[in-house]
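The values are calculated or read from the model by the stated rules, or taken from the named source; none is laboratory data. Note that the structure is a prediction, hence the values are computed from the model and not measured. Cβ atoms come from the backbone with ideal geometry, glycine included; neighbour counts cover every protein chain shown. SASA here: full protein model, heavy atoms, side chains in, ligands and nucleic acids out. Shrake-Rupley method; radii C 1.70, N 1.55, O 1.52, S 1.80 Å.
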Amino acid sequence: MRTSRMPAILLGVLATVALVNARPIADTVDVKFDEWLTPSKPPYPHDPAVAPDGSVWYTGQKANVVGRFDPATEQFKEFALPTPGSGPHGLTPDKDGNIWYTGNAAALIGKINAKTGKITEFKMTDPRAKDPHTPIFDSHGTLWFTVQAGNFVGTLDPKTGKIVLVSPPTANARPYGIQLNSKQVPFFDEFNAPNIGSIDPKTMKITEYPLPDKAARPRRIAVAKDDTVWYGDFTRGYLGHLDPKTGKVEEFKSPGGPDSRPYAIAITSDRAIWYCETGDDAHNVLVRFDPATRKMQTWPLPSGGGTVRNMDVAKGDVLWLAESGVGKIARVRTKPATSTQ
């Protein structure tokens, strides 16, 4: 497959990216946390995902299960996975509410039929693709996923089971988080390189967008309504903003400083950027960034978090977090605080 890199002249560029119609509901917000201990033994939820029916699913990585939580009844149901030691990592629902997960330690992707509980597995087709990482569906029904150590971005056709794998130009880049823009183009971050990548859905050609600092290590990304990409620089302690059209990047120091380790990240409908600082495993911090005012708010997680690796957004801008180290999933509800204007 053909690959390309952005022109070298874009290296080192730091500039302000125009924020289109960035008018958050409020300068500041108040938040309310609710937490539930997952029943897994041992409890270790890795990633959360909100299904079309409002249920919240999670991967129980150490217990080799995938779980479902009903916020209305506060009831859990967990599904034991057929392959021992699958190491379930990321997960995502399809349009019918079935849950697809990556077997990070077993070189597979699994599907859980939400109605019957039947589990179907799809094995990777390349022996180097040992650790499928993060999955996401596009609007056409194709499942896209990253393979971190194997250094791939892949697709899976749910109708045929066909898997296609391509590698980015950078060796050992470790593709990590993956999201789609409004045109259904997948963007992903390279956790072992100072790059954000995109992949053409038709040609499978990968383009890399170099970040200004060679020490940058983006770990998760979120794509805004204007198709710009926000990311957490895990190594340097920054929130970053990339405009793929120009290659321009702007960075904002995370409140917790260079050792704050920004990780899970999401964007709500008011265009606010939410992410978790995980530098202190015992005391993770939720951060809200308003791109219009450039103000940040922070809240310590009630149970500490134990490293929040990923989050998802439900209807009404409700955030769901997986608190791995403390074995809990958390709900974060927000409301506007008194305006500072």
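Please find, among 111, 130, the residue that is outside any loop (DSSP other than H, G, I, E, B) and either at positive phi or under 21 Å from the mean Cα position of the chain (by Cα) (or both). So that I can check it myself, show each step before the final result.
Numbers: 130 fails: outside any loop (DSSP other than H, G, I, E, B).
Only one candidate passes the filter, namely 111.
Which of (1) outside any strand (DSSP E or B); (2) under 27 Å from residue 141 (Cβ atoms); (3) touching a Ser or Thr at 6+ places or on another chain (Cβ under 7 Å) does residue 203 not meet, given it meets every other one?
It fails just one condition, (3).
Within segment 99-147, restricting attention to residues that are surrounded by 21 or more Cβ atoms within 10 Å (Cβ to Cβ) and polar (S, T, N, Q), which residue is nearest to residue 200 (Cα to Cα)?
My answer is 146.
Has segment 290-310 got any residue that is part of a strand (DSSP E or B), open to solvent by 40 Å² or more (accessible area, probe 1.4 Å) and under 20 Å from residue 46 (Cβ atoms)?
Looking through segment 290-310, at least one residue is part of a strand (DSSP E or B), open to solvent by 40 Å² or more (accessible area, probe 1.4 Å) and under 20 Å from residue 46 (Cβ atoms).
Would you confirm, using the coordinates I've provided, whether residue 158 is in a loop (DSSP other than H, G, I, E, B), open to solvent by less than 20 Å² (accessible area, probe 1.4 Å) and not acidic (Asp, Glu)?
Numbers: in a loop (DSSP other than H, G, I, E, B): yes; open to solvent by less than 20 Å² (accessible area, probe 1.4 Å): no; not acidic (Asp, Glu): yes.
No, not satisfied.
Might you let me know whether segment 269-283 holds any residue that is over 20 Å from residue 93 (Cα atoms), assigned to a strand (DSSP E or B) and open to solvent by 10 Å² or more (accessible area, probe 1.4 Å)?
yes
Could you tell me which of the residues 62, 32 is open to solvent by 50 Å² or more (accessible area, probe 1.4 Å), at pLDDT 95 or above and assigned to a strand (DSSP E or B)? Give the derivation first.
Values: 62 fails: assigned to a strand (DSSP E or B).
Of 62, 32, the one residue that is open to solvent by 50 Å² or more (accessible area, probe 1.4 Å), at pLDDT 95 or above and assigned to a strand (DSSP E or B) is 32.
Looking at segment 225-242, is at least one residue at pLDDT 95 or above, open to solvent by 30 Å² or more (accessible area, probe 1.4 Å) and out of contact with any strand residue (DSSP E or B) (no Cβ under 9 Å at 6 or more places or on another chain)?
The answer is no; no qualifying residue exists.
Out of curiosity, is residue 213 touching a residue at least 40 places away in the same chain (Cβ under 8 Å), more than 20 Å from residue 151 (Cβ to Cβ) and of a type in the set (D, E, K, R)?
Numbers: touching a residue at least 40 places away in the same chain (Cβ under 8 Å): no; more than 20 Å from residue 151 (Cβ to Cβ): yes; of a type in the set (D, E, K, R): yes.
No, not satisfied.
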